[in-house]
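A short worksheet on the structure shown next.
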Amino acid sequence: SKVSAWVSVGDGALDRRIFWQEDIYALELERIFARCWIFVAHDSQLPEVGDFLTSTIGEDAVIVSRGEDGNIHTFLNSCSHRGNRVCFAEVGSARRFTCNFHGWSYGLDGSLKSVSRPQSYDGNANFDKARLGLHRARVENYKGMNFACFDPDAPSLEEYLGEFRWYLDVILDNDEGGIEFIDGNIKSRLKCNWKFPAENFVGDSYHAPWTHSSALIAMFGKQPTMRPDRSYHANVNGHGWEFGLDFIGNAATLNSPQIIEYLREQEVKFAERLGKIRSRMVGALSSANVFPNLSFLAGHNTFRTWNPKGPSETELHTWVFLNANAPQELKDEYRRGVMLTFSPAGVFEMDDGENFENCTSVNAGVVTRRQKLHVGMGLNSKIDHNELKGNVYQSQINEANQRAFYQRWADLMGAENWADVPIR
Ligand code: FES
Ligand code: FE
């Protein structure tokens, strides 16, 4: 099929057109973003009834709000009357969402509550308020993280995440009140295809000592150690985490003695709660991505989503998180540390952004676009591991997770419906 010509992970080959072509991008919006579970908000961002934020799922504008029932709702930010944008604020608190154009007014769950001049609809049989609410997505929550999905046939969030939940628990499952997203969210634009950063977070440790060489040497005076015998790629259903087992790695780049002290203090608790091997992942040199576009760095404590704005533009949303019960000084330390490293002005993010943008824009050349890309590192590195879940590969310098990401992408792009999407 066309899709298997684009992505042939068995030989570690990728077609460059998947990063550039309009028709492939249009199919991604249909078959990936309108079908998968997409992260929309953490509970801590919307603590009170009426709290809301606006975001996108693919290119569909959505409102995410805490309803009167206490639940998180997600629905299209586009009026059922003539389609006007209903809410213009990025974040806030409201009782209703009222459209500027003719005054239709919606509740916190997206249902149509009232219209202006209702008498004009008297005796009008096809004016059924119950059917004229804003189109709703399903919303499910995993340990505080709310995901939304526009496909009624998609598996539950729990099934969608599969055994990757075992890994997510490293950051989400604590007895410190869960995690909290520290107030504020940075939005920035990159002129790159959304898949370059997503695949970078899912598995690309390989670039770190090279791309970030000067930043790392300036920080530590030397490169961080990545030991193949003590590091892995692990993936489930295209979600992946590459990690070492050295406990303090990512956390060290924040350059904060308080953060290291906090993690050291918590180390015994981590081991009791998670078991030895996962406790080593808490602050280690690692990166991860939940398919398709939610990336995070444990220890460094940043979540980010890559929101597509066309095949060659991405809007990045970045948050800093921490255990809810951690002291305020520590939250400030994390915020400061992330700003210096993985914000638009951060040293690592500037290094990465330039690469992603050039990997995208150079495909303007028609001959360039016909060439394949190589994602073949570690083709024979799969191992059986008695503790780690999912598909496990030896060494974090690997491209196993990138292949799993593109395999999942190809599975979804090629499938008419969810029944044809294999569990991986
Ligand atoms: Fe919203 Fe008419 S477009 S009320
Ligand atoms: Fe990087």
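Where a number appears in this text, it was derived from the coordinates with a stated rule and is not lab data. What you are looking at is a predicted structure, and each value in this text was computed from that prediction instead of being measured. Because the Cβ atoms are built from the backbone with ideal geometry, glycine has one as well, and the counts that use them run over all protein chains shown.
Lysines within cross-link reach of Lys331: Cα-Cα under 30 Å, excluding same-chain residues under 8 positions apart?
By straight Cα distance, Lys331 reaches Lys143, Lys187, Lys222, Lys269, Lys276.
Just want the answer: with Cβ charges of +1 for Lys and Arg and -1 for Asp and Glu, which residue in Ser111, Gly83, Ala61 is farthest toward the dipole's positive end in the stretch 38-141?
Value computed over the given set: Gly83.
Can you list which of the trypsin sites (Lys or Arg not before Pro) found in the stretch 193-261 are DSSP loop residues with at most 16 other C-beta atoms within 10 Å? Mind dumping the intermediate values first?
Values: sites: Lys195, Lys222, Arg230; in loops: Lys222.
Hits after loop and neighbour filter: Lys222.
Starting from the eigenvalues of the Cα gyration tensor, five times each then square-rooted, give me the equivalent ellipsoid semi-axes of the stretch 38-141, largest first, whole Å.
Each semi-axis is the square root of five times an eigenvalue, giving 25, 13, 12 Å.
Output the relative contact order of the chain, whole-number percent, from Cα pairs under 8 angstrom with separation of 6+ residues.
Here the relative contact order equals 22 percent.
Take peptides 208-221, 240-253, 10-23 and line them up by average Cβ neighbours within 10 Å, highest first, as a rough protection proxy.
Result, highest mean first: 240-253, 10-23, 208-221.
Calculate the dipole size of the stretch 338-424 relative to its Cα centre from +1 charges on Lys and Arg beta carbons and -1 charges on Asp and Glu beta carbons; express the result in debye to the nearest 20.
360 debye
Can you give the three extents of the C-alpha atoms in the stretch 162-420 along their principal axes, from longest to shortest, in whole Å?
So the three principal-axis extents are 55, 41, 38 Å.
Charges only on Cβ, +1 for Lys and Arg, -1 for Asp and Glu: so what's the dipole of the chain about the Cα centre, in debye to the nearest 20?
Here the chain has a charge dipole of around 720 debye.
Within the stretch 376-424, list the GluC sites (Glu not before Pro) lying in a DSSP loop whose Cβ has at most 13 other Cβ atoms in a 10 Å radius.
Sites meeting the loop and neighbour criteria: Glu387, Glu416.
Tell me, what ³J(HN,Hα) does each residue in the stretch 114-128 have, in order and in whole Hz, if you take phi through Karplus 6.51 cos²θ - 1.76 cosθ + 1.60 with θ = phi - 60° and put x for Gly and Pro?
7, 10, 6, 6, x, 4, 5, 9, 3, x, 8, 5, 8, 9, 10
Before rounding to the nearest 500, sum -39500 (n - 2.57) across all DSSP H runs of length at least 4 in the chain and divide by the residue total; then give [θ] at 222 nm in deg cm²/dmol.
That calculation yields -8000 deg cm²/dmol at 222 nm.
Given points 7 Å out from each Cα along the Cα-Cβ axis, report the Glu272 to Tyr121 separation in nanometres with one decimal.
Here the modelled spin labels are 5.8 nm apart.
Tell me the relative contact order for the stretch 361-424 as a rounded percent, counting alpha carbon contacts under 8 Å between residues six or more apart.
Values: 33 pairs, mean separation 14.4, N = 64.
It rounds to 22 percent for the stretch 361-424.
For the chain, with the dipole built from +1 on Lys and Arg beta-carbon atoms and -1 on Asp and Glu ones, taken about the Cα centre, which of Gly376, Phe39, Asn235 lies farthest toward the positive end?
Towards the positive end, the residue furthest out is Gly376.
Got a sec to turn the phi values of the stretch 291-297 into Karplus ³J(HN,Hα) couplings, 6.51 cos²θ - 1.76 cosθ + 1.60 with θ = phi - 60°, whole Hz, x for Gly and Pro?
Each residue of the stretch 291-297 in turn: 4, x, 9, 10, 9, 7, 10 Hz.
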